[in-house]
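Participant: Next up is a structure, given as structure tokens.
The values are calculated or read from the model by the stated rules, or taken from the named source; none is laboratory data. Since the model is a prediction, treat every value here as computed from it, not as a measurement. Cβ placement follows ideal geometry from the backbone for every residue including glycine, while neighbour counts extend to all protein chains displayed.
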Amino acid sequence: MSDLAASVQISPSGRIAWLRPKYLLFVVIGLMYVYVLLHNESFLVNNADPEWSHIATFKWFLLPHGLAAGCALLLGPFQFSERLRRRFTKLHRVMGRFYVGGVLLGAPMGLYIQNFESVHMYPGDPVQFSLVMATVADAAVWMFATVMALTFILQHKVQLHRQWMSRSYACAIIFLEVRVIQGVFNIDEKFTEIIVWSCVAAAFPLADLILHLPGDSPQPRFRQAHPSSGTGRLNRALPRRAARHFTFATCCIVLPQHSISGFREDRGPTGMYGPPPFCKRKVRMTELVCANVFGLYWSSELLA
């Protein structure tokens, strides 16, 4: 019972954690998976399906494309799990590498298959040519978003990495969106190009909209500095340097007024500074100036 209670968390606004828009979105994506598998990809378990004769000429190109792009589609949602990312960081990185590999292999192979189908099976068809151009745009933005996400995580810019990963996965699920829209609304195949172009155009804006939904913005956390950077060394040394500055400045200002002048009490009034209000001893003006100069020097070192 304690595990069940811990799994259903209530946010400060009173909303159940699993009702967050992010989780509802992935439920919708899961339903899209099921629909496409049953409605469009059922030929995979039916050898008598006529779709096999349709893909016979390029089936050996379709195999690596399906494996690579399918791997990216399946691994994508797990990469957005904060719990998985915190508890199994190494697994998150390995799955991320497989996702990037699936994108960089699956997108060009899908483009090649679409062009092969247009040239050899529907020569001269303007609709098929438009589909090829839409596939070029889809593959280009998908790979571009994925490479940007990879680049930012290598630079330890986690927030930008998450943004570009969201855009990358928004491009990945175009495969599902086109088939669901066309099947649910019973749209004729001659309008497929319009659906594809619309999904490609809406991928980035929808991803950014999801990122800015209320309650789904990642909470700001203090990021641990990378060991190779100077920021971590500065953060660790700052308390020691502050204490050292405070001690040294105090000694430079207070000791001359209490101790140094005590060794010079036999001096005459020439060149002597008047007694401070908290001390009956006298201090030379040059000693106070030097003490404050050293104190300012150590203060400025903190800001260097």
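Participant: Looking only at region 109-167, how many residues end up being of a type outside the set (F, W, Y), under 15 Å from the mean Cα position of the chain (by Cα) and over 23 Å from L63 (Cβ atoms)?
Facilitator: Looking only at that region, the number is 20.
Participant: Further question on the same structure: If we keep just the residues of region 18-43 that are within 28 Å of the chain's Cα centre (by Cα) and of a type in the set (S, T, Y), which is modelled with the highest pLDDT?
Facilitator: If we take residues in region 18-43 being within 28 Å of the chain's Cα centre (by Cα) and of a type in the set (S, T, Y), then Y33 is modelled with the highest pLDDT.
Participant: Looking at (1) touching a Gly at 6+ places or on another chain (Cβ under 9 Å); (2) buried (at least 19 other Cβ atoms within 10 Å of the Cβ); (3) of a type outside the set (K, R), which one does I153 not meet, given that it meets all the others?
Facilitator: (2)
Participant: Just the residues that are part of a loop (DSSP other than H, G, I, E, B), among the aliphatic types (A, V, I, L, M) and surrounded by fewer than 18 Cβ atoms within 10 Å (Cβ to Cβ), please, taken from region 166-211.
Facilitator: Selection gives I187 alone.
Participant: Could you list all residues from region 90-134 that are out of contact with any helix residue (DSSP H, G or I) (no Cβ under 8 Å at 6 or more places or on another chain) and in a helix (DSSP H, G or I)?
Facilitator: If the condition is that a residue be out of contact with any helix residue (DSSP H, G or I) (no Cβ under 8 Å at 6 or more places or on another chain) and in a helix (DSSP H, G or I), then K90, R93, V94, R97, V119, P126, M133 are the ones that fit.
Participant: Moving to a separate point now. What tally of residues in region 159-195 results from selecting those that are free of Cβ contacts under 8 Å to residues at least 24 places away in the same chain and touching an Asp or Glu at 6+ places or on another chain (Cβ under 9 Å)?
Facilitator: 2
Participant: Which pairs do you get when a residue that is at pLDDT 95 or above and in a helix (DSSP H, G or I), found in region 135-158, comes within reach of a residue that is crowded, with 17+ Cβ neighbours inside 10 Å and among the polar types (S, T, N, Q), reach meaning Cβ atoms under 7 angstrom, with the pair 6+ apart or on two chains?
Facilitator: W142/S168; A145/S168; T146/S168; A149/S168
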